[in-house]
Amino acid sequence: MIRVHSLTFGYSQQLPIFQSFDWTVERGETWAIIGSSGCGKTSLLYLLAGLLKPTSGEISIEGEVIARPRPGTGLILQEYGLLPWSTVRQNAELGLRVRNFYGPDGRHAPQSHQRSQNIMPWLERLGIAHLADKYPSQISGGERQRTAIARTLALHPDILLMDEPFSSLDAVIREDLQSLTLELCEEQGITLIMVTHAIEEAAVMGRKILLLGQPPNTKPGIFANQNAGNAEYRQTNEYLEICKTLRRELNDETP
Amino acid sequence: MKRRDVLLAALGLLILWQAAAMLVNRPILPTPIVVTRVFFSELTRGLSDHALASLWRVMAGTMLSVLTAVPAGLAVGGSARLNRFVSPIIYLLYPIPKVVFVPVILLFLGIGDAAKIAIIFLILFFQIVVLVRDQAAALPPQLFQSLRSLGAGRRALFRFVYLPASLPAILTALRQSVGTAVAVLYIAELFATQRGLGYYIYYNGSTLLNYPAMYAGVIAMSLLGLGLYFTVDWLERILCPWKFVN
């Protein structure tokens, strides 16, 4: 579904982060991208989101080359994604309002878009319906991320990109949201790609794990982690093994 | 701040005035009771016309500055390149007390309302540009990336991010400078006009030596300033409810 073909990307005057990089993601997969800071994991996510442009090579999704944000791709960032002056309900509605604002033009909103603004079922699904009239400053970090997830899922994306979405949250809330995210992606048939710097999170979330090293990245380091996402996976030896492997690989990568 | 506390403070100030007037005991400082009586009788004898003339000048100057300074501030704050070019200019012009331009503006724009409105415009314009620019520049890039990923282009970013983000900055700028604007309006209305509270106060105080009427004018001008200040407060509560939670 996602084809990264011969991707080269770098910020000007610097060593490229990616050089002739190839990578493929199939529909319905859940991926974790891990690597130390500066390895380019966030850049890769922004490239997939159409917010950055490759220096050369191309990224195509469903056969279409990405040149700008694509209506079917949702993006959730660590923080600051909510409008401070809007309530939870208004923030969650924002994606729909942006689409209503442009109409179904196929560029900002899919051509099949129908005007709608009923966000409440999504707020209920994410357990934040009772916070609908609160402002972001009045709710917890976990609740803010639930709002961001509701806002994105209300647009019925087929790909969900997440950039360290839970790294500022408490452990219990983080695990809750990790499970909820996997559950929702399964339920909605969404392909998930999550960037993280935490080994444990990568091991829990990614049935496949992409490990990025020091730039330039030329070949994807891929680790299979088939049973991730199952309940109680954290308690298994398999989980501990993949954590160990990833830790070793990351240490080797760090000069 | 509680409304009751504000009323109590007003009462305290009036008592202080009354005591001072009784101590001084000269025509140049009449008591608040005398002034209040004259204030109401003067309202029907032209004071309200003068007040309306002043109010119109302040409102027109404010509207004009908001309508021009907000787009300018958003444009500068939203573009690092433009900011680099314009900021040194603003940096030089911003601290200059605009009131010194009153004679210049009167020379260029003459005796009509245009000169008075231009002066108020000049004072408010820089305040609003600076605050809106800083507000726009301080918006976290993550906010824009999130919105662009939701499909927002330039127009939607303007509608859903820049415009609402500039509102509190506009109101802060107005709160900070509306008092100055009224003060400078007084100066501007001393010259080449026979309408406006500035003229009314000066004419009654220096030419007619009608001190109670002069103080009635001072009261009217204070009420004008206070009214504008309260209006800004009220607008902020209506337009920025998120600032008043917690």
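The values are calculated or read from the model by the stated rules, or taken from the named source; none is laboratory data. Because the structure is a prediction, the values reported are computed rather than measured. Here Cβ is always computed from backbone atoms with ideal geometry, including for glycine, and neighbour counts include all displayed protein chains.
May I ask you to say which residue of B:A136, B:A118 is of a type in the set (G, A, S) and closer than 16 Å to B:P71 by Cα? It would help to see each step written out before you state the result.
Working: B:A118 fails: closer than 16 Å to B:P71 by Cα.
Going through B:A136, B:A118 in turn, the sole match is B:A136.
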query: A:G57 is checked against (1) crowded, with 22+ Cβ neighbours inside 10 Å; (2) more than 14 Å from chain B (Cβ to nearest Cβ) and fails just one. What number does that condition carry?
result: (1)
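Which one of A:L75, A:L82, A:L123, A:L52 is closer than 30 Å to A:P215 by Cα and surrounded by 21 or more Cβ atoms within 10 Å (Cβ to Cβ)?
Numbers: A:L82 fails: closer than 30 Å to A:P215 by Cα; A:L123 fails: closer than 30 Å to A:P215 by Cα; A:L52 fails: surrounded by 21 or more Cβ atoms within 10 Å (Cβ to Cβ).
After ruling out the rest, the residue left standing is A:L75.
Looking only at region B:162-195, which residues are hydrophobic (A, V, I, L, M, F, W, C), closer than 17 Å to B:F144 by Cβ and surrounded by fewer than 20 Cβ atoms within 10 Å (Cβ to Cβ)?
Our first condition is that a residue be hydrophobic (A, V, I, L, M, F, W, C); within region B:162-195, this holds for B:163, B:165, B:167, B:169-171, B:173-174, B:178, B:181-185, B:187-188, B:190-192.
In the following step, the residues that additionally are closer than 17 Å to B:F144 by Cβ were identified as B:163, B:165.
Scanning region B:162-195 gives a single hit, B:L163.
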- request: Could you look through region A:61-84, keep only residues that are in a loop (DSSP other than H, G, I, E, B), among the charged types (D, E, K, R) and within 23 Å of A:R107 (Cβ to Cβ), and pick out the one that is farthest from the other protein chains (Cβ to nearest Cβ)?
  value: A:E62
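How many of the residues in region A:1-29 are exposed (fewer than 15 other Cβ atoms within 10 Å of the Cβ) and not polar (S, T, N, Q)? Let's see the steps before the verdict.
Initially, region A:1-29 is screened for residues exposed (fewer than 15 other Cβ atoms within 10 Å of the Cβ), giving A:6, A:11-15, A:22, A:24, A:26-28.
So of that shortlist, the ones also not polar (S, T, N, Q) come out as A:11, A:15, A:22, A:26-28.
Counting residues in region A:1-29 that are exposed (fewer than 15 other Cβ atoms within 10 Å of the Cβ) and not polar (S, T, N, Q) gives 6.
Which one of A:R68, A:R99, A:R27 is among the basic types (K, R) and at pLDDT 90 or above? So that I can check it myself, show each step before the final result.
Working: A:R68 fails: at pLDDT 90 or above; A:R99 fails: at pLDDT 90 or above.
Exactly one of A:R68, A:R99, A:R27 is among the basic types (K, R) and at pLDDT 90 or above, namely A:R27.
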- prompt: What is the number of the single condition among (1) surrounded by fewer than 19 Cβ atoms within 10 Å (Cβ to Cβ); (2) within 14 Å of chain A (Cβ to nearest Cβ); (3) not in a helix (DSSP H, G or I) that B:I111 does not meet?
  reply: (2)
- request: Return yes when A:L52 is under 28 Å from A:F223 (Cβ atoms), within 13 Å of another protein chain (Cβ to nearest Cβ) and either in a helix (DSSP H, G or I) or among the basic types (K, R) (or both) and no when it is not.
  value: no
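Kindly provide the set of residues from region B:81-98 that are surrounded by fewer than 19 Cβ atoms within 10 Å (Cβ to Cβ) and in contact with a helix residue (DSSP H, G or I) (Cβ under 8 Å, 6 or more places away or on another chain), ordered by number.
The first filter runs over region B:81-98 and keeps only residues surrounded by fewer than 19 Cβ atoms within 10 Å (Cβ to Cβ), leaving B:81-97.
Result: B:L82, B:N83, B:V86, B:S87, B:I90, B:L93, B:Y94.
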- prompt: Looking at (1) in contact (Cβ under 8 Å) with a residue 60 or more places away in the chain; (2) more than 30 Å from A:V98 (Cβ to Cβ); (3) surrounded by 17 or more Cβ atoms within 10 Å (Cβ to Cβ), which is the one condition that is false for B:A118?
  reply: (1)
message: Checking the structure you have, find out if any residue of region A:57-74 is touching a Phe, Trp or Tyr at 6+ places or on another chain (Cβ under 6 Å) and β-branched (V, I, T).
response: no
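Based on what the data block shows, is B:R237 farther than 19 Å from B:P32 by Cβ and in contact with a Phe, Trp or Tyr (Cβ under 7 Å, 6 or more places away or on another chain)? So that I can check it myself, show each step before the final result.
On the way: farther than 19 Å from B:P32 by Cβ: yes; in contact with a Phe, Trp or Tyr (Cβ under 7 Å, 6 or more places away or on another chain): yes.
Spelling it out, B:R237 is indeed farther than 19 Å from B:P32 by Cβ and in contact with a Phe, Trp or Tyr (Cβ under 7 Å, 6 or more places away or on another chain).
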field: Candidates B:L208, B:L226, filtered to the one that is without any contact (Cβ under 8 Å) to a residue 40 or more places away in the chain, of a type outside the set (K, R) and closer than 20 Å to B:L124 by Cα
entry: B:L226
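So, in region B:63-94, how many residues would count as being outside any helix (DSSP H, G or I) and either under 17 Å from the mean Cα position of the chain (by Cα) or hydrophobic (A, V, I, L, M, F, W, C) (or both)? Break it down into steps so the answer makes sense when it comes.
Pass one, region B:63-94, residues outside any helix (DSSP H, G or I): B:79, B:94.
Adding the requirement that they be either under 17 Å from the mean Cα position of the chain (by Cα) or hydrophobic (A, V, I, L, M, F, W, C) (or both) leaves B:94.
The number of residues fulfilling the criteria is 1.
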field: Residue selected from region A:134-176 under the condition part of a loop (DSSP other than H, G, I, E, B) and crowded, with 19+ Cβ neighbours inside 10 Å, by the criterion nearest to the other protein chains (Cβ to nearest Cβ)
entry: A:Y135
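Name the single residue that is nearest to the other protein chains (Cβ to nearest Cβ) among those in region A:85-103 being in a loop (DSSP other than H, G, I, E, B) and touching a Lys or Arg at 6+ places or on another chain (Cβ under 9 Å). Before you say what the answer is, go through the steps one by one.
Here is the first cut: in region A:85-103, the residues in a loop (DSSP other than H, G, I, E, B) are A:85-87, A:103.
Restricting the remaining residues to those that are touching a Lys or Arg at 6+ places or on another chain (Cβ under 9 Å) gives A:85, A:87, A:103.
Numbers: A:W85: 5, A:T87: 8, A:G103: 11 Å.
Step by step, filter region A:85-103, then rank; the result is A:W85.
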